[in-house]
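Since the structure comes first, as structure tokens, the remarks are kept for the end.
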Amino acid sequence: MSIAYLNGQFLPIEEAKVPALDRGFLFGDGIYEVIPVYAGKLFRFKQHIARLENSLRSISLPLEQSLQNWADMCHQLVERNQLDNATIYLQITRGAYLERNHDFPANPTPTIFAMITPLPSIQRQPSSQDLQGISVITAEDIRWQRCDIKAITLLANCLLKQQALECGANDTILVRNGVAFEATSSNLFMVRDGVIITPPLSEHLLPGVTRDFVLWLAEQHGILTEERLIPEHELLQADEIWLTSSTKEIRPVTRLNDAIIGDGTAGPVWRQMYDHYQQLKVQLYRGEIDSNSEGEIAL
Ligand code: PLP
């Protein structure tokens, strides 16, 4: 049975209950983070907590918690669930009050919830499924204007993902005025002539922790990167397309609206990046790195 965290207590997930008047339930008034854990270490933790704090600021929800407090809570979840590789889901809402009222409460008592789910152990070689890649469709982005906030209000994302599934595809790349920004739960990358390209940060996409990591990793290995807008029609000219997220890492896209991307399997730049990513995880397992020179890999 999985052990979760709710408002200061660790308890079996089935017993973690939130009042019906919680603003997360009534208004979707909350934010969240998803943090990967490899070899018991919280991966890119500072970056995840920095984004969490940014999301809290963006929705004007004050919460005093030190990085160390968050780390202690997450480490306890890892230990109590005896997991080495996992993802931690952390959600904060503006809390529960006695009536349903749009106005923000003067002194909010946030609801803090976290749970953990296992991840597969390190995979040094890509599986045949990885190499096959996934298929995506494109669709107009019907989400709001603040996609840079990691808000729990994900109905539009769910509708857009469902649209892909009903077309027999795996995901949807979201387009505004002919420009592709990201997918329903991941960032977008394209490779052209050996250059890794991703859209610049804006209010139309989430500042993905994996996105930044992939850019950093590419630069470490001398692969050229570029942050610029990607017109939807240019995706068809891509040598490779990838989607990135903390749980998916780097996932190759090999079909786009029924067109084949590259040769229809994961491309050579993806393969290089896959190896670099896994290599770094191996170093974490071996205890060779806890943090890189920037002190930012794992805690
Ligand atoms: N974009 C969206 C809309 C997401 O929901 C996510 C992750 O959940 C990402 C991008 C990737 O973010 P990260 O790499 O921090 O997991």
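The values are calculated or read from the model by the stated rules, or taken from the named source; none is laboratory data. Note that this is a predicted model, so its numbers are computed, not measured. We place every Cβ from the backbone using ideal geometry, glycine too, and count neighbours over all the protein chains shown. The protein model used for the area step is the full one, side chains on, heavy atoms only, and it has no ligands, DNA or RNA in it. Shrake-Rupley method; radii C 1.70, N 1.55, O 1.52, S 1.80 Å.
Given a 1.4 Å probe and every protein chain left where it sits, what share in percent of the accessible area of the chain is carbon and sulfur?
Values: 7120 of 14130 Å².
About 50 percent, which is the carbon plus sulfur part of the accessible surface.
Assigning unit charges at the beta carbon (Lys, Arg +1; Asp, Glu -1) and nothing else, what dipole magnitude in debye, to the nearest 20, does the chain show about its Cα centre?
Value, rounded to 20: 420 debye.
Let me know the shape class of the stretch 243-283, please: from the alpha-carbon gyration tensor, a ≥ b ≥ c as square roots of the eigenvalues, rounded when a/c is under 1.5, otherwise prolate if a/b is greater than b/c, or oblate.
It comes out oblate by the Cα gyration axes.
Before rounding to the nearest 500, sum -39500 (n - 2.57) across all DSSP H runs of length at least 4 in the chain and divide by the residue total; then give [θ] at 222 nm in deg cm²/dmol.
Helix-only estimate at 222 nm: -8000 deg cm²/dmol.
Putting +1 on Lys and Arg Cβ atoms and -1 on Asp and Glu Cβ atoms, find which of ALA106, SER135, THR117 reaches farthest to the positive end of the dipole of the stretch 88-150.
THR117
Over all distinct alpha-carbon pairs, what is the Kirkwood Rh of the stretch 159-224 in angstrom?
Details: mean 1/r = 0.0762 Å⁻¹.
About 13.1 Å, per the Kirkwood formula over Cα pairs.
With every protein chain present, what accessible area does TYR38 have (1.4 Å probe, heavy atoms only), rounded to the nearest 10 Å²?
It works out to around 10 Å².
Please go through the residue pairs LYS150/LYS248; LYS41/LYS161; LYS161/LYS248; LYS17/LYS41; LYS17/LYS46; LYS41/LYS248 and name each one whose alpha carbons sit more than 24 Å apart in this structure.
LYS41/LYS161; LYS17/LYS41; LYS17/LYS46
Where the convex hull is taken over the Cα atoms of the stretch 106-171, what is its projected area averaged over directions, in nm²? It would help to have the intermediate numbers written out before the result.
Numbers: hull surface 31.8 nm².
One quarter of the hull surface, i.e. the mean projection, equals 7.9 nm².
Run the 1.4 Å probe and let me know the accessible area of PHE25, rounded to the nearest 10 Å².
150
Working from Cα positions, state the angle (0 to 90°, nearest 10) between the long axis of helix 155-166 and the longest principal axis of the chain.
Relative to the chain, helix 155-166 is tipped by roughly 40 degrees.
Setting aside same-chain residues fewer than 8 positions from LYS281, which aspartates and glutamates have a Cα under 15 Å from its Cα?
Straight-distance partners of LYS281: ASP84, GLU249, ASP290, GLU296.
Any idea what the relative contact order of the chain is, in percent, if you count C-alpha pairs under 8 Å spaced at least 6 apart?
Relative CO of the chain lands at 20 percent.
Magnitude of the Cβ-charge dipole of the stretch 208-278, K/R +1 and D/E -1, about the Cα centre, nearest 20 debye?
Computed charge dipole of the stretch 208-278: roughly 220 debye.
On C-alpha positions alone, give me the angle between the axis of helix 67-80 and the longest principal axis of the chain, in degrees, nearest 10.
For helix 67-80, the angle is close to 80 degrees.
Could you pull out every residue, at least 5 positions away or on a different chain, whose amide H is within less than 5 Å of the one on ILE241? Hs are placed 1.01 Å off N in the peptide plane, and Pro or chain starts have none.
VAL191, VAL253
Given just the C-alpha atoms of the chain, how large is their convex hull per residue in cubic angstrom?
That works out to 139 Å³ per residue.
If you filter the stretch 114-179 for trypsin sites (Lys or Arg not before Pro), then keep DSSP loop positions with at most 15 other Cβ within 10 Å, what is left?
ARG124, ARG146
What share of Cα pairs, in percent, lie more than 24 angstrom apart in the stretch 154-274?
Cα-Cα pairs in the stretch 154-274 separated by more than 24 Å: 19 percent.
Using every alpha carbon pair in the stretch 42-130, what percent of pairs falls into each 5 Å bin from 0 up to the bin containing the largest distance?
Histogram of Cα-Cα distances, whole percents per bin: 3, 10, 19, 19, 15, 12, 10, 6, 3, 2, 1.
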